[in-house]
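The values are calculated or read from the model by the stated rules, or taken from the named source; none is laboratory data. Keep in mind it's a predicted model, so treat the numbers as computed, not measured. When we count neighbours, we look across all protein chains shown, and the Cβ atoms used for this are built from the backbone with ideal geometry, even at glycine. Ligands, DNA and RNA are excluded from the accessible area calculation, which covers all protein heavy atoms including side chains. Shrake-Rupley method; radii C 1.70, N 1.55, O 1.52, S 1.80 Å.
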Amino acid sequence: MLIERIFAHAWAQPDKPALIADGSVIRYRALAANIAAARRFLMRQAIDADRAATLAVVSIVDTWVIGLA
């Protein structure tokens with residue numbers, strides 16, 4: 001699964017670039033931390049897996065983070 005590969009890469013090479021968006025570099029360490037934080041947030045919302053939810057995001061990086069969480 002993609003998420004496991006991202007976390008493994010973040011562990012092995014945390015300072016390597018993971019995403020480049022709007023001229024900013026997001027490193028694997030930050031990407032993994034943001035995904036983990038988003039996952040914790042979403043789990044606290046107790047959204048049923050079989051129900052649709054709408055999330056507003058402001059950047060392409062946020063879109064990746066929420067999508068992977």
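When region 42-56 is filtered for residues that are polar (S, T, N, Q) and within 15 Å of residue 67 (Cβ to Cβ), only 54 remains.
A residue that is of a type outside the set (Lys, Arg), in contact with a helix residue (DSSP H, G or I) (Cβ under 6 Å, 6 or more places away or on another chain) and open to solvent by less than 70 Å² (accessible area, probe 1.4 Å) occurs nowhere in region 39-56.
A Cβ distance below 6 Å, combined with a sequence gap of six or more or placement on separate chains, defines the contacts here; from region 21-49, residues that are within 18 Å of residue 63 (Cβ to Cβ) reach residues that are part of a helix (DSSP H, G or I) and among the aromatic types (Phe, Trp, Tyr) in the pairs 32/7. You will find that of 53, 38, the residue that is small (Gly, Ala, Ser) and at pLDDT below 80 is 53 and no other.
The C-beta contact set for region 1-16 (first residue free of Cβ contacts under 8 Å to residues at least 60 places away in the same chain, second residue surrounded by 10 or more Cβ atoms within 10 Å (Cβ to Cβ) and aromatic (Phe, Trp, Tyr), distance under 7 angstrom, 6+ apart or interchain) comprises 9/28; 10/28; 13/28; 14/28; 16/28. So is residue 25 open to solvent by less than 100 Å² (accessible area, probe 1.4 Å) and in a strand (DSSP E or B) or not? Yes: the conditions hold for residue 25. For region 57-68, enumerate the residues that are open to solvent by less than 100 Å² (accessible area, probe 1.4 Å) and not hydroxyl-bearing (Ser, Thr, Tyr). Answer for region 57-68, where residues must be open to solvent by less than 100 Å² (accessible area, probe 1.4 Å) and not hydroxyl-bearing (Ser, Thr, Tyr): 57, 60, 61, 62, 65, 66, 67, 68.
In region 4-14, of all residues being loosely packed, with under 12 Cβ neighbours inside 10 Å and over 19 Å from residue 62 (Cα atoms), the one that is modelled with the highest pLDDT corresponds to 12.
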